[in-house]
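The structure under discussion appears below in the form of structure tokens.
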Amino acid sequence: MRSTMLFAVAALLITAADARGVDPAGSELWEDLSGAYLGEDAKVTFNDSIRLMMADRVESAHEVPIMVKVPHDLRDMQELVLLVDRNPIQQVARITPHRRLESVGMNIRLEESTPVRAAILDPSGIWHVATKSVLVMSAGGCSSPPPDGAVVAAVGDVNIKQFERHGGASRLKVRIHHPMDTGFVVLEDGDVVPPYYVEKVRIEDERGVIADMLTWAAMSRDPVITIDLPTEGQSVRVSGNDSEGLSFEGLENAPLM
Amino acid sequence: MTPKACRLKDSRTPLSCSRRAAGLARAAACLILFTTVAWDAVGASYGLRPQPVAPGVYVFPGSQDALTPDNGANIANTGFIVGSREVLAVEAGPTRRYGKEMLAAIRSVTDLPVRYAVITHRHPDHSFGLGAFREAGIDVLMHPAEAEGLANEGPALLEFMTALVGEAWTQGTTIEAPSETLTEDRHVDLGDRPVDILVLEGGHSSGDLVVHDRTSGVAFFGDLLFVGRAATVPHADIGVWLMHLDRLESLPWTTGVPGHGPILDDPARFADTRDWIRFLRSRILEAVLTGESPAEVLDPGVPEPFAGMVEAGPTFGRAVLQLYRRYEAMDPAELDALAQ
Ligand SMILES: [Zn+2]
């Protein structure tokens, strides 16, 4: 009786693993995480050719820079999703590119040691997932008050920089001034800081929309979004809104740095 | 470790301490529950033995290691100078226990009273033992900006350090103020033993003190000099630091005691600090100017020839984030000046 049950459970696990891939990080949360954010019936493959760059040992958990290098054969991706298994806010951002992107970066919060995932949806409907396991030395990137820092500029101020890369390619770097409050921070007096974060970002230039993004408070305060385009930079417009309905906009007409 | 378990509210954390440090401490307090529970409190002792480096000058060499429950945060070099009348101690070590053991070890060499303790800067491995010196009525000297930093950041850093090395070591340690501050070079006489205390501001920290014993030619450089270990830069201005290193190199010293690492008899290993902080500055400046992400700077790891230094990886990880943020906030003119 018992062995039959065990067998049934094992069979279930194997089936699930087949549908969602075998998680190289061995996280027991991966099933639920991928089901919730990539879809219950998602076809998933773990793909080493996607480079997920970030420190593997993190001390400043409120602001962890990451960079996803998209391999050539996935640059026609339909969507890029950033997930953190062990965050109270597991979904960081969903990016829908409207043209080929070579890499996407941002700064994110990590609550504790966790696998971090970059999932790329190819045009045939398969998710390609890169995983990096990160040791967080000082936990609480989502739940402890942020470090003191420079006084935040007006909420919604957008700062855009463009950089030349080799071969006529360019990099866009967008900083949005925003507290990105998670809703998990309890102050000394017991008050909870309510969630308040950037929800939507659109990046476009003279040729049209480059990318649309849905974002959550697992992005750091004053989030920095980096996008590599295979073409030269042009006049760029960034717009969006936050969870309180504030819309913001930034323009950059200046020539390349 | 669940986030909930980490959300302890600690009423002992004074409001004056920085929130960031409080966050660190809270997180580290969680860490300790899972890593150092088994540490045996009874056996903790630093086993300090004075190592003579010149007549009347002794060093207690620190471990070339990370902060661990094995070393109790004893990672910095400390020491003392004996005159015909009195004694000057350099640094107070990382805990009150260390400070007490240091005083006992000095007494094993001389009965003369310890008159001064010079704390080179605020960092825990050098300053947290100073309560033991104050308690013994010894004049404790520090730069005022460093004393202020110690008061502000000390309590949270003490919690953080306790989490890393264990309470067996830090028990009884409290954050204390120096009895005297100085902003200009000072000359003291320990009895037929003239000693210079030099003030070097705004390089490695807001105010580093260097102790130079003219008689023996021994100089205690504090953390202006790291040998074989990656220098840390949380409060550093690298340009000023490099100038300070030039000044220290030109002092008439024959034996050099770095804040961390082996004792020197010539300045060749000044390169350990100089090359490293120059590399940090130029690499991170380049990243800021070309729009590279810190993630991309960190990705290849610590390059040669620095990879073999003690604590190179963690120090690089911290330094890239610290300097990147600072350089990124500069205007183009400041960046230009930095690039010169
Ligand atoms: Zn030190």
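Among residues that are more than 16 Å from B:Val195 (Cβ to Cβ), touching a residue at least 12 places away in the same chain (Cβ under 8 Å), aliphatic (A, V, I, L, M) and buried (at least 18 other Cβ atoms within 10 Å of the Cβ), B:Leu88 is not included. The single residue among A:Ile108, A:Ile50, A:Ile89 that is in contact with a Phe, Trp or Tyr (Cβ under 8 Å, 6 or more places away or on another chain) and over 21 Å from A:Phe163 (Cβ atoms) turns out to be A:Ile89.
Is the range B:98-108 home to any residue that is open to solvent by less than 10 Å² (accessible area, probe 1.4 Å), within 16 Å of the ligand (Cβ to nearest atom) and touching a residue at least 40 places away in the same chain (Cβ under 8 Å)? Looking for residues that are open to solvent by less than 10 Å² (accessible area, probe 1.4 Å), within 16 Å of the ligand (Cβ to nearest atom) and touching a residue at least 40 places away in the same chain (Cβ under 8 Å), one finds at least one in the range B:98-108, hence yes. All told, A:Ile203 meets the bar of being at pLDDT 90 or above, crowded, with 17+ Cβ neighbours inside 10 Å and in contact with a strand residue (DSSP E or B) (Cβ under 6 Å, 6 or more places away or on another chain). You will find that of B:Ala151, B:Ala163, the residue that is modelled with pLDDT under 95 and among the small types (Gly, Ala, Ser) is B:Ala163 and no other. Only a single criterion out of (1) of a type outside the set (A, V, I, L, M, F, W, C); (2) under 21 Å from the mean Cα position of the chain (by Cα); (3) surrounded by fewer than 17 Cβ atoms within 10 Å (Cβ to Cβ) is not satisfied by A:Thr182, namely (3).
In the range B:211-234, which residue that is over 18 Å from B:Ile197 (Cβ atoms) and in contact with an Asp or Glu (Cβ under 9 Å, 6 or more places away or on another chain) is most open to solvent (accessible area, probe 1.4 Å)? Step by step, filter the range B:211-234, then rank; the result is B:Thr232. Taking the criterion of being away from every other protein chain (no Cβ under 14 Å), of a type outside the set (Ser, Thr, Tyr) and either open to solvent by 20 Å² or more (accessible area, probe 1.4 Å) or assigned to a loop (DSSP other than H, G, I, E, B) (or both), the residues of the range A:41-65 that qualify are A:Asp41, A:Ala42, A:Lys43, A:Phe46, A:Asn47, A:Asp48. Taking strands (runs of 3 or more DSSP E) as the structural unit, those lying wholly within the range A:147-257 and holding at least 3 residues that are away from every other protein chain (no Cβ under 14 Å) correspond to A:198-205, A:208-215, A:236-242, A:247-252.
In the range B:171-182, the residues that are at positive phi form Cβ pairs under 6 Å with partners that are modelled with pLDDT of 95 or more and buried (at least 16 other Cβ atoms within 10 Å of the Cβ), at six or more places apart or across chains, as follows: B:Gly172/B:Arg96. Would you mind finding the one in B:Val233, B:Val257 that is within 24 Å of B:Leu157 (Cα to Cα) and within 15 Å of the ligand (Cβ to nearest atom)? Result of the check over B:Val233, B:Val257: B:Val233.
Selection of strands (runs of 3 or more DSSP E) fully inside the range B:146-229 by the criterion of at least 3 residues being more than 16 Å from the ligand (Cβ to nearest atom) and over 25 Å from B:Pro262 (Cβ atoms) returns B:186-189, B:194-201.
Within the range B:181-210, the set of residues being closer than 25 Å to B:Thr110 by Cα, open to solvent by 10 Å² or more (accessible area, probe 1.4 Å) and in contact with a Gly (Cβ under 8 Å, 6 or more places away or on another chain) comprises B:Asp189, B:Asp192, B:Arg193. B:Asp70 fulfils the conditions (1) more than 16 Å from the ligand (Cβ to nearest atom); (2) in contact (Cβ under 8 Å) with a residue 40 or more places away in the chain; (3) over 20 Å from B:Thr255 (Cβ atoms) except for a single criterion, (2). Going by the conditions given, is B:Val240 surrounded by 18 or more Cβ atoms within 10 Å (Cβ to Cβ), more than 16 Å from the ligand (Cβ to nearest atom) and of a type outside the set (Lys, Arg)? Judged against the criteria, B:Val240 is not a match. B:Pro155 passes every criterion in (1) under 17 Å from B:Ala117 (Cα atoms); (2) within 17 Å of the chain's Cα centre (by Cα); (3) surrounded by fewer than 24 Cβ atoms within 10 Å (Cβ to Cβ) apart from (1). Scanning the range B:310-334 for residues being of a type in the set (A, V, I, L, M, F, W, C) and farther than 15 Å from B:Arg278 by Cα gives a total of 5.
Scanning the range B:245-265 for residues that are farther than 13 Å from B:Phe226 by Cβ and in a helix (DSSP H, G or I) returns B:Asp246, B:Arg247, B:Glu249, B:Ser250. Summed over the range A:96-126, the residues that are of a type in the set (Gly, Ala, Ser), away from chain B (no Cβ under 14 Å) and in a loop (DSSP other than H, G, I, E, B) give a count of 2.
Does B:Val302 satisfy the criteria of being crowded, with 19+ Cβ neighbours inside 10 Å, more than 10 Å from every other protein chain (Cβ to nearest Cβ) and part of a strand (DSSP E or B)?
When the stated conditions are applied, B:Val302 does not pass them.
For the range B:289-298, the criterion of being buried (at least 19 other Cβ atoms within 10 Å of the Cβ) and more than 23 Å from A:Val68 (Cα to Cα) is met by no residue.
Being out of contact with any His (no Cβ under 8 Å at 6 or more places or on another chain) and under 23 Å from B:His123 (Cα atoms) holds for only one residue in B:Pro294, B:Pro314, B:Pro305, and it is B:Pro314. Being in a helix (DSSP H, G or I), surrounded by 21 or more Cβ atoms within 10 Å (Cβ to Cβ) and at the interface with chain A (Cβ under 9 Å from one of its Cβ atoms): is that true of B:Gly317 here? Answer is yes for this residue.
Scanning the range A:211-248 for residues that are of a type in the set (Val, Ile, Thr) and at pLDDT 95 or above turns up A:Thr215, A:Val224, A:Ile225, A:Thr226, A:Ile227, A:Val238. Checked against the criteria, A:Ile95 does not count as open to solvent by 10 Å² or more (accessible area, probe 1.4 Å) and of a type in the set (A, V, I, L, M).
For the residues B:Ala117, B:Ala76, the requirement of being away from every other protein chain (no Cβ under 14 Å), away from the ligand (no atom under 12 Å from the Cβ) and of a type outside the set (Val, Ile, Thr) singles out B:Ala117. Taking the stated definitions as given, is A:Val68 in a strand (DSSP E or B), within 14 Å of chain B (Cβ to nearest Cβ) and in contact (Cβ under 8 Å) with a residue 24 or more places away in the chain? Judged against the criteria, A:Val68 is a match.
The values are calculated or read from the model by the stated rules, or taken from the named source; none is laboratory data. These numbers come from a predicted model, not from an experiment. A quick note on method: Cβ atoms are made from the backbone with ideal geometry, for glycine too, and the neighbour counts reach across all protein chains shown. The area values use the complete protein model at the heavy-atom level, side chains included, leaving out ligands, DNA and RNA. Shrake-Rupley method; radii C 1.70, N 1.55, O 1.52, S 1.80 Å.
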